[in-house]
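The values are calculated or read from the model by the stated rules, or taken from the named source; none is laboratory data. Note that the structure is a prediction, hence the values are computed from the model and not measured. FYI the Cβ positions are ideal-geometry reconstructions off the backbone, even for glycines, and counts take in every protein chain you see.
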Amino acid sequence: MDIQTVTDREFGENSYIVSGDGALYVIDPGIDYDAVNDAVKRTGLPVKYVFLTHGHYDHTFSVRNFKGTQVYAHSAEKPLLEDASKNLSAFTGKPFSIEGINYYDGQNHTIDDIEITHTPGHTAGCVVIRIKDSLFSGDTLFYDTVGRTDLPGGDPEALKRSLLLFDKFDKNLKVYPGHGAPFILGDAYKINFYLRRNRT
Ligand SMILES: [Zn+2]
């Protein structure tokens, strides 16, 4: 599996272009569509699905450029994706809402052999996405901290419960967060206050 990362300069948001076994997925197409598109082209593959870890504008800005591609998000994120104030794009001078998403429900969802886990907290419809031995954690989990819960849809108590769900994952998984560098899940358990607090 090959993973390309496009990090936008302004917000530090990571878009991931994931290819393997003849399939190509884009996770969180953010602000810099040209760079995402260049990464897509390098694979020589058509984009099979776009996955959204959540609906904040810095993770979804370029969804509009993937017309005709199936875009997946959790149904709990619908109110945020469709509201420019809640997805925060209203505060950037370029407000947008996103329609035409394929919404799935529930705690766990599988598409192809991709395992999606609902992890509300940063927003109501946050998910983490496991593809083989990689886990795309969006703004739910970073190496040494977690996503903020003071924005629309944020809920600190829900985030605490969601963090417990990481216990089920193989600690050797490589985690690709929505901001910052990738890390091994087990390493975060050693130093991340929020993961450690849940275990005591
Ligand atoms: Zn966010």
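Here is how the numbers come out for the structure above:
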| read-out | value |
| --- | --- |
| First in region 148-159 and on the phi > 0 side of the Ramachandran plot and at pLDDT below 95, second anywhere and in a helix (DSSP H, G or I) and small (Gly, Ala, Ser), Cβ under 9 Å, 6 or more apart | 153/76 |
| Residue match in region 97-118 (condition: aromatic (Phe, Trp, Tyr) and either free of Cβ contacts under 8 Å to residues at least 40 places away in the same chain or over 19 Å from residue 174 (Cα atoms) (or both)) | yes |
| Elements of type strands (runs of 3 or more DSSP E) contained in region 80-122, each with 3 or more residues being touching a Leu at 6+ places or on another chain (Cβ under 7 Å) and modelled with pLDDT under 95 | none |
| In region 161-184, residue farthest from the ligand (Cβ to nearest atom) [restricted to those that are of a type in the set (Gly, Ala, Ser) and in contact with a Ser or Thr (Cβ under 8 Å, 6 or more places away or on another chain)] | 162 |
| Members of region 154-200 found to be touching a Phe, Trp or Tyr at 6+ places or on another chain (Cβ under 6 Å) and not aliphatic (A, V, I, L, M), listed by number | 176, 177, 180, 182, 183 |
| Output for region 39-79, where each listed residue is in a loop (DSSP other than H, G, I, E, B), within 14 Å of the ligand (Cβ to nearest atom) and under 13 Å from residue 102 (Cβ atoms) | 52 |
| Cross-chain or 6+ apart pairs with Cβ under 6 Å, region 171-200 first and farther than 18 Å from residue 160 by Cα and in contact (Cβ under 8 Å) with a residue 60 or more places away in the chain, then part of a loop (DSSP other than H, G, I, E, B) and not hydroxyl-bearing (Ser, Thr, Tyr) | 176/182; 178/139; 179/12; 180/142 |
| Those residues of region 109-124 which are away from the ligand (no atom under 11 Å from the Cβ) and in contact with a Gly (Cβ under 6 Å, 6 or more places away or on another chain), in sequence order | 124 |
| Evaluation of residue 148 against (1) surrounded by 13 or more Cβ atoms within 10 Å (Cβ to Cβ); (2) basic (Lys, Arg); (3) closer than 18 Å to residue 52 by Cα (one fails), failing number | (1) |
| Residue that is β-branched (Val, Ile, Thr) and farther than 19 Å from residue 128 by Cβ, where the choices are 60, 53, 92 | 92 |
| Within region 125-148, considering residues that are farther than 16 Å from residue 163 by Cβ and not in a strand (DSSP E or B), the one nearest to the ligand (Cβ to nearest atom) | 125 |
